[in-house]
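Working notes, structure below.
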Amino acid sequence: MKARTPKPGRPARLSRERIVDATLSSDLRTVTMRDIAERLGVSHSALYRWVGNRDELLDLVGEVIVERILPTAEPTADTWRQWLADLAWRMHDQFLAVPGYATHVAMPHRHNAQAFGRLRDRAVSAFRLAGASDELAEQSWYVFGLGVVQWLGAQQRGHDLGPDAPRFDLFLDVLLRGLPAREPGWAAQPR
């Protein structure tokens, strides 16, 4: 999803960067188009020329977050696990830095297909490099993506898990040691 280009005329007071910066400094759980317009000092109708609605606004934020979290290096057969750990830590840092973002991503909703598609494709390729079949690489992505996102969402929502709450580094270590997915040995046995 690309931000719309404003109509010719006066110099634009808005830009993709300004809109994203204003949104990232808001609480995404409650932010409205009117809130962002006020932060930017423009009318909400001016903002609507760039993004059509709140969903498009959150799609724009999703694009920027994915740009920030994707490692620049490609994974290899030797680095796939470290590449995924780096991706997870980038998700941790970026998702938790934006109030409400981890909570938003953890909730069922339509994600920005292009941005999250890039994220998915890169992670699936890492699992393929680890030796997973196409099907198991996809399944591994779902386990990895859901696991990390749900952990971050719970963290941001402030779930009190007590003094022994799992640390992200330990959670991630256990998660990655279990991936890529393999067919369970018991799956072929009758029940």
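Where a number appears in this text, it was derived from the coordinates with a stated rule and is not lab data. The structure displayed is predicted, hence computed values, not measured ones. Please note: Cβ atoms are built from the backbone with ideal geometry, for glycine as well, and neighbour counts cover all protein chains shown.
Worth a mention:
- Projected label distance in nm at H109 and D93, using a 7 Å step from Cα toward the beta-carbon: 2.5 nm
- Estimated from the Cβ-Cβ distance and a Förster radius of 22 angstrom, the FRET efficiency linking E135 and V174 is about 0.45.
- Rounded to the nearest 20 debye, the dipole size of the chain about its Cα centre is 800 debye, using +1 on the Cβ of Lys and Arg and -1 on the Cβ of Asp and Glu.
- Note on region 121-191: with charges restricted to the Cβ of Lys and Arg (+1) and Asp and Glu (-1), its dipole about the Cα centre is near 60 debye.
- Net length gained if the chain between S45 and D160 were fully extended (0.36 nm per residue, minus Cα distance): 37.3 nm
- Of the trypsin sites (Lys or Arg not before Pro) in region 15-66, those whose Cβ has at most 15 other Cβ within 10 Å and which sit in DSSP loop: R29
- Tail beyond 24 Å, pair distance distribution of region 57-191 (Cα, percent): 31 percent
- Furthest towards positive pole of dipole, G145, L58, Y101, structure part the chain, Cβ charges: L58
- Integer Hz, Karplus 6.51/-1.76/1.60 couplings in order for region 170-185, x for Gly and Pro: 6, 4, 5, 4, 5, 4, 6, 5, x, 10, x, 5, 10, 5, x, x
- Neighbour-limited loop hits for trypsin sites (Lys or Arg not before Pro), region 81-177 (at most 11 other Cβ within 10 Å; DSSP other than H, G, I, E, B): R110, R167
- Taking the charge dipole of the chain about its Cα centre, with +1 at Lys and Arg Cβ atoms and -1 at Asp and Glu Cβ atoms, the residue from A37, A88, P184 reaching farthest to the positive side is A37.
- Near S133: Cβ cut-off under 13 Å, other residues only, Lys/Arg at +1 and Asp/Glu at -1. The net charge is -2.
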